[in-house]
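Just so you know, all these numbers are worked out from the coordinates, no wet-lab data involved. Nothing here was measured: the structure is a model prediction, and the numbers come from that model. Note that we place each Cβ from the backbone using ideal geometry, even for glycine, and neighbour counts take in every protein chain shown.
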Amino acid sequence: MKKELACDSMRRRVLLCFVSFGEGAAMELQTSLLELKGVGAKKYEALNKIGLFTVYDLLTYYPRTYEDRRVLTPLAAIAVGEQQAVTGVIRHIAERRTGRGIHILSVDIDDGTGFLQVTFFNQKFLKGKLKAGMQLFAVGKIDYAFGGRGKKQMSQVKDFSLMEKGGEAALGILPVYAASGSLNQKFFRTLLTGVFQGIGKIVETLPESICQRYRLVAREEAYREVHFPESPEALHLARERLIFEELYLIQCGLLLLRRESREKRKGVRHLGASRLSRGAREALPFRLTEDQEKAWRDIRQDMELALPMRRLVQGDVSSGKTALALLALVKTVENGFQGAFMAPTEILARQHFDKFSELLRDLPVRLLLLTGRLSKKEREAAYAAIEAHDVDIVIGTHALIQEPVAFAALGLVVTDEQHRFGVEQRAALEKRAHLTPDMLVMTATPIPRTMTLTVYGDLDVSRIEHLPPGRVPVETFVRTPARRDLIYRFVRQEIERGRQAYVVCPLVEESDTLDLPSAQEVYAELSAGVFREVRCGLVHGKLRGKEKEAVMADFHAGKLDVLVTTTVIEVGVDVPNASIMVIENAERFGLAQLHQLRGRVGRGAHRSYCILVSAARTAAAKKRLALLESVRDGFVLAEEDLKLRGPGQFFGAMQHGLPDLKMADALRDVDILLKARRAALETMESPAMRKEVAEILRLEYKEFFAKITEV
């Protein structure tokens, strides 16, 4: 195996830095780990499996925690039941084998204050390595030795080492990595020690002025201290530097993308309101709330500029975002342009088309529905109408960004439920236009305010925080599986009153590893039992698109009374007659997702219910579900969800198109995130700094920010 075995995607790590190993040898950071001493073919394959291919990857494989070996517990003071770090001279070694064939090696150590027996199980090879008189360091849990009459032992040894020459260094702060099998702690520490012994100068990734202003240590020092810290203070400074660097570069990337698509491109300038806009406003069946008015003012002001609009409207379920989209689309039409509205599902596209058609029926606005369901002849006719400007507003799904679609004068793009579409889809829609159109993004996914910098750093944000008056709140209850019969009898009563119901399950089909009822099992049980006389349907992500859309359409049309489903209905269905939702194994979902799901009911005038069925045993899980009973504000729930689950699980698919965070935690490091954002904004003011950071981004995060060209 040779150097070229390194994954191609890893060759992007070309920030000019050289590492020296041995006489005359020199390596760049993108050098394969296969060339390092101690890494053979099998080790290299194991490293590849955890995403490590190059020296750079190894340097950014940060410790998950640390062991502070500077503070040792005297053997006379060790406490049973607690993990302790101890050291002592080996006085006696004994081995034996149990009747079941388990090899036990007992090592007695003495530190001058007391004695301790350190016990190793099935590690016979240690007998030849451990000798009386050696200094042994060990970390593990203390318990009582079997039959030892109160004698203490360490039988769960987490880590150990021999303190021979240079042994004092092992009593510092040691890194602890996510390790397994042959890739143990000793392997990682030895490998990284070799890297740092031969490493050359590491080129900076941050502008000097930024490092000075925010008092950041050098990149090279940060790498050394994060892996082998000299002190807690040095470790803190190293982590702060690396966290700042990660967040700063991503923020710069987002701002440069925004500059690329907005400030440097000729946009569509929309003039003030005319009769058409006033007519659309009058057609709305309600007055805009204060939050809606503010968001509409933001949108209107953006559209009247010559720069392309890039705005996110973030509002809770049923907060009235679609009304703003309609007004914006009409504004682009009255200025002689076309509007495109892209929905995540065909059924939602159809619902928006029907709703817009009804509201604009008395206005001279031509609408077209473009989905994958059209026949070839219908699609060709639609493409021709769009290109000839025979339609004003096109509503559709991903079909809008397919190659044959060419708008005559695209002025505005609206994407619904943004987290279903990444940066690439937005860029694809822009390519359908001659000028750079305005972009309005709508999401019903509540995201805490500071977190929008991470997920939507390239967009301006408007928030609709309060629901319009008169909305019927969904009554939410948490119930145990023992009450399932009562729950479904209540659902049956609602159906007999003419209402419809959802039953949501976390799994599509039976699982060998999870003891949870699947959607298929629940559908079979309910349709043969309590719902045998009502019309039931089943929909899940494994169905083909047309099958799924057909079932959803039947439910929307009232041809089905109960829809058993997975989370595919989280986005993409509006059934005002649906008044009740049962969510099985609710503890398997996040708070924000549960809130999104219950937003599918309560969309009409009927009293509505959401019943969370859960066998959760932990206090944390019960507390999380109880919040849904009392809290209806999606933004409050999002904050709590972020605290409880952490950013990794919270963002999930929302971080579409952004690099993974290796060191930073967007929740824990909010203060650093705000500093990084401020520094990134400062960088955008300097052409020289923009050019410098753009080059770094193109190399460091090629697959995310390669589209940054001129700065």
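Key figures for this structure:
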| read-out | value |
| --- | --- |
| Estimated dipole of region 275-464 in Debye, rounded to 20 [Cβ of Lys and Arg +1, of Asp and Glu -1, Cα centre] | 140 debye |
| Extension reserve of the V472-I102 stretch, reckoned as 0.36 nm per residue once the Cα distance is removed | 126.6 nm |
| Global geometry of region 112-156, whether rounded, prolate or oblate, following the gyration tensor of its Cα atoms and the 1.5 cut on a/c | oblate |
| Those trypsin sites (Lys or Arg not before Pro) in region 530-576 that DSSP places in a loop and that have at most 16 other beta carbons within 10 Å | R532, R535, K542, R544, K559 |
| Using θ = phi - 60° and Karplus 6.51 cos²θ - 1.76 cosθ + 1.60, couplings along region 227-243 (whole Hz; Gly, Pro as x) | 8, 9, x, 7, 7, x, 5, 5, 5, 4, 5, 5, 5, 4, 4, 5, 5 |
| Cross-link table K49/K124; K42/K186; K42/K124; K294/K355, entries beyond 20 Å C-alpha to C-alpha | K49/K124; K42/K124; K294/K355 |
| Gyration tensor (alpha-carbon) shape descriptor, region 258-379, a/c threshold 1.5 | rounded |
| Within region 304-409, GluC sites (Glu not before Pro) in DSSP loop having at most 16 other beta-carbon neighbours inside 10 Å | E304 |
| Cα gyration tensor category, rounded, prolate or oblate, for region 474-631 with a/c compared to 1.5 | rounded |
| Proximal aspartates and glutamates to K129, defined as alpha-carbon separation beneath 13 angstrom and excluding residues fewer than eight positions away on the same chain | E164 |
| Within region 92-147, trypsin sites (Lys or Arg not before Pro) in DSSP loop having at most 11 other beta-carbon neighbours inside 10 Å | R100, K129, K131 |
| Sequence-distant residues sharing a close amide H with T31 (under 5 Å, placed H) | V55, Y56 |
| Extreme residue, positive dipole direction of region 275-464, given options L284, P344, A399 (C-beta unit charges) | L284 |
| Burial ordering of I347, I401, I50, fewest other beta-carbon atoms within 10 Å first | I50, I401, I347 |
| Least to most buried among Y223, Y66 (fewest other Cβ within 10 Å first) | Y66, Y223 |
